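These notes are about the structure you will find just below.
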Amino acid sequence: MAQITEYLGTGRRKTSTARVRLAVGTGNVTVNGRAFDNYFPLEQHRGAVLAPFAATATSGKYDVRINVSGGGPAGQAGAVRHGIARALLEADAALRPLLKAEGLLTRDPRMRERKKYGQPGARKRFQFSKR
């Protein structure tokens, strides 16, 4: 049987979905065919994406290829972080306590609330007048 060389993980946050492929390598990260620093220019997003590697001390051990779609930069960064954590878990099940302690395996359930009929938004109401 063939040796598994790639580990897959799917991450989601808000309306973003990330498909992550980990392969043993030198730490090269590409997102949608672009360089990691180019795709996530903000330091807080880059930190969020690399949090699973920092928590498990596996920085520079894996090459990461990511396809992410939907949502904005923050949601995409959260989805990628979730996907990397799941892929690391597939690569080494012994990392589960470390990832779980940091809360990286939990899918963030917060979603945008739908707009309701008869009002201008999800919670906002039209102005009330008694007469």
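Can you say whether Arg96 is touching a helix residue (DSSP H, G or I) at 6+ places or on another chain (Cβ under 8 Å) and either at pLDDT below 95 or not in a loop (DSSP other than H, G, I, E, B) (or both), as far as the supplied structure shows? Even if it seems obvious, please write down each step before you answer.
Numbers: touching a helix residue (DSSP H, G or I) at 6+ places or on another chain (Cβ under 8 Å): yes; either at pLDDT below 95 or not in a loop (DSSP other than H, G, I, E, B) (or both): yes.
Yes: the conditions hold for Arg96.
How many of the residues in segment 65-84 are buried (at least 23 other Cβ atoms within 10 Å of the Cβ) and either at pLDDT below 95 or more than 16 Å from Arg46 (Cβ to Cβ) (or both)?
Count: 0.
Determine, yes or no, whether Tyr7 is of a type outside the set (Gly, Ala, Ser) and either closer than 18 Å to Pro109 by Cα or touching a residue at least 60 places away in the same chain (Cβ under 8 Å) (or both).
Judged against the criteria, Tyr7 is a match.
Report, by residue number, each residue of segment 41-93 that is part of a helix (DSSP H, G or I), touching a residue at least 24 places away in the same chain (Cβ under 8 Å), farther than 19 Å from Arg13 by Cα and small (Gly, Ala, Ser).
Selection gives Ala55, Ala91.
Considering Leu22, Leu42, Leu50, which residue is over 17 Å from Asp108 (Cβ atoms) and within 13 Å of the chain's Cα centre (by Cα)?
Going through Leu22, Leu42, Leu50 in turn, just one is over 17 Å from Asp108 (Cβ atoms) and within 13 Å of the chain's Cα centre (by Cα): Leu50.
Can you name the condition, by its number, that Glu102 falls short on among (1) crowded, with 20+ Cβ neighbours inside 10 Å; (2) touching a helix residue (DSSP H, G or I) at 6+ places or on another chain (Cβ under 8 Å); (3) not basic (Lys, Arg)?
So Glu102 meets the others, but not (1).
Within segment 15-40, can you find the residues that are in contact (Cβ under 8 Å) with a residue 40 or more places away in the chain, surrounded by 18 or more Cβ atoms within 10 Å (Cβ to Cβ) and either in a loop (DSSP other than H, G, I, E, B) or of a type in the set (S, T, N, Q) (or both)?
Ser16, Thr17
Given the conditions (1) in a helix (DSSP H, G or I); (2) out of contact with any Gly (no Cβ under 8 Å at 6 or more places or on another chain); (3) in contact (Cβ under 8 Å) with a residue 60 or more places away in the chain, report the number of the one that Met111 does not fulfil.
So the condition that Met111 fails would be (1).
When residues of segment 4-51 are filtered for being touching a Pro at 6+ places or on another chain (Cβ under 8 Å) and of a type in the set (A, V, I, L, M), how many remain?
1
When you look at Gly121, is it outside any loop (DSSP other than H, G, I, E, B) and touching a Lys or Arg at 6+ places or on another chain (Cβ under 9 Å), yes or no?
no
The values are calculated or read from the model by the stated rules, or taken from the named source; none is laboratory data. Predicted model, so just to flag it, every value in this text is computed and none were measured. Cβ sites come from the backbone with ideal geometry, for glycine too, and all protein chains shown count toward neighbours.
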